[in-house]
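A.B. asks: Attaching a single structure in structure tokens format; questions to follow.
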Amino acid sequence: MALPDFPAIGLLVLLSLPLVVLIIKNKINLSGRKNSNLQQIPPPGPPKLPVLGNLYQLGALPHQSLWRLAKKYGPVMQFNFGQIPAVIISSPEAAKEVMKVHDLDTCSRPSLVGTRRLTYNYLDVGFSPYGDNWRFMRKMITLELFSVKRVKAFRFVREEEVGLLIDSISEISASGSTFDLTEKCFSLTANITFRMSFGFNYHGSDFDKSRFHEVIHEAEVVMGTISGEECFPRPFGWIVDKLNGHQARIERVFHELDTFYRHVIDEHLKPGREGAEEDMIDLMLAIEKEQSQLHGSKSQFRRENIKAIFLNLFLGGIDTAALTVNWAMAELLANPILMKKAQDEVRVIVGEKGRVTEDDLENLEYLKLVIKETLRLHPPAPLLIPREASTHLKISGYDIPPKTMIYVNAWGMGRDPIYWKNADKFIPERFANSCLDYKGHDFEYLPFGAGRRICPAINMGIITVETALANLLYCFDWKLPNGMKPQDLNMEEKSGVSLTVSRKEPLLLVPVNWKHIGKAI
Ligand code: HEM
């Protein structure tokens, strides 16, 4: 998601007050509708303020504020981020029009300062505009990095890293201590992503543990933020960016990541790697060489493409899967009957093996329902990644001009009582006899997006979540600390602007070893 920074909004409110007063004095129409061209029907939307547009209505949790506004203004709603026009899509019918009927004309991404810099001027997949580079890169990663064969090839990484996680929790359980599952989930998915990408886990990298988490978080904020310069006319935007340090933050994140990429790539180019396990850098360096032999200086795949892809792997692969495991555990802890049902299933099916392996996963039907329900209530990217209209469109009868940003509120549609019975309740059984899947054909359920931009790594994401969650349920019984009751668990979301949304509070737990843990596989 790309939304403006909150300090920027506060500052702009102050700076634009005199203008607002002037406009009120002159009784200028603030309805936000264009009256000059009667043939054009813009979508309805909340009243706009000069300079700020609709920013003052964004709130601390944008997907929630936008959902509330959509109840009033409708499922195709105009919403201006300062001077940047956007529409917010909040019904499955409208989402289908955008992501299926008009997919080709809406599958580009907006060009924003932060995304441009961190992706080496759009040499990646996730943030690059629709065009030759995106098509080439998307095909390459789909075939080479996320194919079924490749996902299987990294099975040993997932199982080993989940094994190490279970061992470390087991040690904690021996002392009866409390630990932070949120942090452990992040470490797990970061380690898996690092090992698949570079051949070592991130504890063995130049980033120290807490700094890497910070850099990823900062990158998510940078990628999720529209800069002041884009949002507001000069000199407001420039002042805002200077004062809130947006530009400095982009440069800091860029240089930290770039130095790291250069280092690991150089290591991979040193002689003596023969016989090492093949990782994603090896694969990409081989493609770089092949493309350069075929096309010389016109090659579409160069060193900077590799670096840009790493950003996609970090942002796509780490937080999304970690947040899903974390939310699933929180929901099960809040619903002890469902927790027992999920634990009984995995313990009966896996028996006394000591660990859940990927061979067991296909038999864990209830576990799969739990994950589907978790992704309904808690899609990690609640507004997906913004799209941009490349031409003039009509959506639900409304005119959408080219260059309009398009946000799809997957979070809101996943909780809409029109489509979901007891929409706010966690009920995995609702998916039992349903054909809803992750492939983006059912527009009320879009945790991975839809159309040409759908997540290319669904299999990899889901298998990581399944392996981790199944082992956590199998290996331990879980208690809340300090006599907390399930109903005391805080299920609120953390406020702030970012691509992903996490729990407001870390999930602190006390693990108790189940009887078969520790037995060899
Ligand atoms: C539970 C796990 C995951 C979830 C819920 C998830 C969700 C999403 C969503 C919502 C999008 C945007 C789709 C759209 O714009 O319509 C996306 C795109 C993307 N995801 Fe994932 N993702 C997950 C795991 C992963 C993993 C493991 C990777 C890579 C290691 C990954 C890489 C990407 C990339 C590269 C894109 C951009 C695709 C494009 O723009 O063409 N994702 N993902």
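What follows is calculated from the coordinates using simple rules that are stated; it is not laboratory data. Every value quoted in this text rests on a predicted model; they were computed, and no experiment measured them. Note that each Cβ is placed from the backbone with ideal geometry, even for glycine, and that neighbours are counted across all protein chains shown.
A.B. asks: Remind me, what semi-axes does the chain give for its equivalent ellipsoid, largest first in whole Å, using sqrt of 5 times each Cα gyration tensor eigenvalue?
C.D. replies: On the way: eigenvalues 297, 167, 97 Å².
For the chain, the semi-axes come out at 39, 29, 22 Å.
A.B. asks: When Lys504, Lys298 are ordered from fewest to most other Cβ atoms inside 10 Å of their Cβ, what list results? All intermediate terms of the calculation are to be shown ahead of the outcome.
C.D. replies: On the way: Lys504 12, Lys298 8.
Result, fewest neighbours first: Lys298, Lys504.
A.B. asks: From the convex hull of the Cα coordinates of region 422-502, what is the mean projected area in square nanometres?
C.D. replies: On the way: hull surface 32.5 nm².
Result: a mean projected hull area of 8.1 nm².
A.B. asks: Testing the spin-label approximation: label points 7 Å from Cα along Cα→Cβ at Glu214 and Asp258. State their distance in nm.
C.D. replies: My value for the distance between the label points is 2.0 nm.
A.B. asks: Just grab the label-to-label distance for Thr391 and Arg452, each label 7 Å out from Cα along the Cβ direction, in nm (one decimal).
C.D. replies: Each label point is offset 7 Å from its Cα along the Cβ direction, giving 1.1 nm.
A.B. asks: Roughly what % of Cα-Cα distances in region 150-236 sit above 17 Å, to the whole percent?
C.D. replies: Details: 2310 of 3741 pairs.
Beyond 17 Å sits 62 percent of the P(r) for region 150-236.
A.B. asks: Right, here's the next one. Normalising by the residue count of region 221-261, find the relative contact order in percent from Cα pairs under 8 Å and 6+ residues apart.
C.D. replies: Working: 20 pairs, mean separation 12.6, N = 41.
It rounds to 31 percent for region 221-261.
A.B. asks: Give the calculated FRET efficiency between Lys152 and Lys289 to the nearest 0.05, with a Förster radius of 30 Å applied to their Cβ-Cβ distance. Before the final figure, lay out the partial values.
C.D. replies: Details: r = 25 Å, r/R0 = 0.83.
Approximately 0.75, to the nearest 0.05.
A.B. asks: Please report Rg (one decimal) and Dmax (integer) in Å for the Cα set of region 40-191.
C.D. replies: 21.9, 68
A.B. asks: What share of all Cα pairs of region 331-411, in percent, falls into each consecutive 5 Å distance bin?
C.D. replies: P(r) for region 331-411, in whole percents per bin: 3, 12, 15, 13, 12, 9, 8, 7, 8, 8, 4, 2, 0.
A.B. asks: Determine, for Lys368, Lys289, Lys48, Lys515, the number of other Cβ atoms within 10 Å of each Cβ, and report the residues in order from fewest to most.
C.D. replies: On the way: Lys368 16, Lys289 12, Lys48 21, Lys515 9.
Least crowded to most crowded, the residues run Lys515, Lys289, Lys368, Lys48.
A.B. asks: If you don't mind, there's one more thing I want to ask. Count neighbours as other Cβ atoms within 10 Å of each site's Cβ, and list the GluC sites (Glu not before Pro) in region 253-340 that are DSSP loop with at most 13 such neighbours.
C.D. replies: Hits after loop and neighbour filter: Glu274, Glu277, Glu278.
A.B. asks: Mind listing which GluC sites (Glu not before Pro) in region 121-207 are in a DSSP loop and have 15 or fewer other Cβ atoms within 10 Å? Kindly include the intermediate steps, with their values, before the conclusion.
C.D. replies: Details: sites: Glu144, Glu159, Glu160, Glu161, Glu171, Glu183; in loops: none.
Filter output for region 121-207: empty list.
A.B. asks: Additional query: Once the Cβ-Cβ distance between Trp238 and Glu362 is put in as r, and R0 is 51 Å, what FRET efficiency do you end up with, to the nearest 0.05?
C.D. replies: On the way: r = 56 Å, r/R0 = 1.09.
Here the calculated transfer efficiency is 0.35.
A.B. asks: Also, quick follow-up: Provide, for region 214-370, the number of lysine pairs with alpha carbons under 18 Å apart, each pair being eight or more places apart or on different chains.
C.D. replies: Values: Lys270/Lys289; Lys270/Lys307; Lys289/Lys298; Lys289/Lys307; Lys340/Lys368; Lys341/Lys368.
Within region 214-370, the lysine pair count is 6.
A.B. asks: Helix 303-317: angle to the longest alpha-carbon principal axis of the chain, degrees 0 to 90, nearest 10?
C.D. replies: Once rounded, the angle reads 80 degrees.
A.B. asks: By count of other Cβ within 10 Å, fewest leading, how are Leu393, Leu66, Leu489 ordered? Don't jump to the answer; show the numbers that get you there.
C.D. replies: Details: Leu393 20, Leu66 28, Leu489 17.
Listed from fewest to most nearby Cβ atoms, that is Leu489, Leu393, Leu66.
A.B. asks: With each label point set 7 Å from Cα along the Cα-Cβ vector, what nm distance links Arg68 and Glu429?
C.D. replies: 3.3 nm
A.B. asks: Same structure, new question: Give me the net charge for the shell around Arg109: Cβ to Cβ below 9 angstrom, other residues only, Lys and Arg +1, Asp and Glu -1.
C.D. replies: Values: positive: Arg387, Arg453; negative: Glu388.
Summing Lys/Arg as +1 and Asp/Glu as -1 gives +1.
A.B. asks: Sticking with this structure for a sec: If you add up the charges near Cys185, with Lys and Arg at +1 and Asp and Glu at -1, over every other residue whose beta carbon is less than 11 angstrom from its beta carbon, what do you get? Could you put the intermediate results ahead of the total?
C.D. replies: Details: positive: Lys184, Arg503; negative: Asp180, Glu183, Asp319.
For residues surrounding Cys185, the net value is -1.
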